[in-house]
């Protein structure tokens with residue numbers, strides 16, 4: 001008997017080895033049964049991975065589809081392993097439930113099973129890669145066993161042969177009835193009859209039932225596809241609405257924040273300018289107010305308010321005060337113009353952001 005492609009699993013994972021070799025033995029005699037065994041092989045591979053690796057052990061109780069989904073979510077298995085496992089699952093389900101499967105499908109799935117077996121052997125059981133490449137199993141008729149030639153039998157006399165044949169014939173003969181021409185016809189001369197009306201009716205009923213089942217499956221698949229497409233359309237519409245609302249409020253909020261920052265800067269510098277101006281113009285008044293709270297002996301030791309007033313008038317004569325007031329008025333007008341321009345720029349910017357967001361949402 002030729003060696004199996006899965007012999008390297010015999011000592012490390014005997015259970016997986018038995019499933020794989022049984023599928024390999026059924027390849028040419030029963031491809032549907034081979035695909036069924038390969039589905040069990042794929043399930044055993046995932047269960048072995050769950051037992052040996054650091055993943056939740058209760059995943060063993062899940063279905064093969066759910067288990068593969070969980071393993072895919074962990075991103076520990078590559079697509080080169082997940083894809084063959086999914087293919088063996090789907091082909092095995094078709095073989096079990098619908099008795100579907102060809103020799104070509106079984107050969108392809110068996111080749112993929114060999115790749116998965118090597119992965120289990122090297123990655124899960126931490127063994128070195130086995131030697132040799134995959135060999136497609138040959139059909140049983142490809143190498144028939146050569147039997148020795150039969151020994152020649154001695155020739156018997158004709159009379160002895162006739163006597164033996166006569167002795168071996170049964171005594172009872174089938175009843176015969178004369179035909180229209182007087183010729184005797186035995187029952188063995190009658191032609192065989194085909195299947196009756198009941199057999200043909202059963203066959204037609206079975207064909208009609210199979211066609212009805214296939215039609216129901218097609219309708220169900222169409223309904224599922226329609227529901228999936230409708231769900232995708234609704235999700236896309238809701239996503240577009242959500243993105244549009246979010247973009248609108250984001251643009252409004254950014255505009256409000258920009259205006260708030262501008263007002264904050266204007267108030268800050270305006271307050272500073274007013275404070276400096278008030279102090280610059282009303283130094284004698286501020287000085288008199290502050291020093292009025294001091295004790296009498298302290299007030300006598302510091303300059304009097306009149307002296308400060310004289311110094312202030314000398315440093316800032318009336319014509320200088322007039323010039324400062326004119327400059328302050330001009331600055332105020334300039335600030336108002338800049339504020340209006342900044343407001344218009346902010347409005348234009350908000351509209352531009354809103355248009356960009358609408359384009360992105362579409």
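The numbers here are math on the coordinates, done by the rules we state, and not lab data. Everything numeric here is computed off the predicted structure, so don't read it as measured data. Cβ: placed from backbone, ideal geometry, glycine included. Neighbour counts: every protein chain shown.
Neighbour counting of Cβ atoms within 10 Å sorts the residues 280, 249, fewest neighbours leading, into 249, 280. Distance from a point 7 Å along Cα→Cβ of residue 240 to each backbone N in region 326-359: keep the residues under 13 Å and list them by number. Answer for region 326-359: 358-359. Computed from label points 7 Å out along Cα-Cβ, the spacing between residue 296 and residue 229 is 10.4 nm. Once you sort the root eigenvalues of the Cα gyration tensor of region 231-361 as a ≥ b ≥ c, which label holds: rounded (a/c under 1.5), prolate (a/b larger than b/c) or oblate (the other case)? Note, shape of region 231-361 comes out oblate. Estimated from the Cβ-Cβ distance and a Förster radius of 51 angstrom, the FRET efficiency linking residue 213 and residue 352 is about 0.25. From the largest down, region 7-136 spans 40, 34, 23 angstrom on the principal axes of its Cα atoms.
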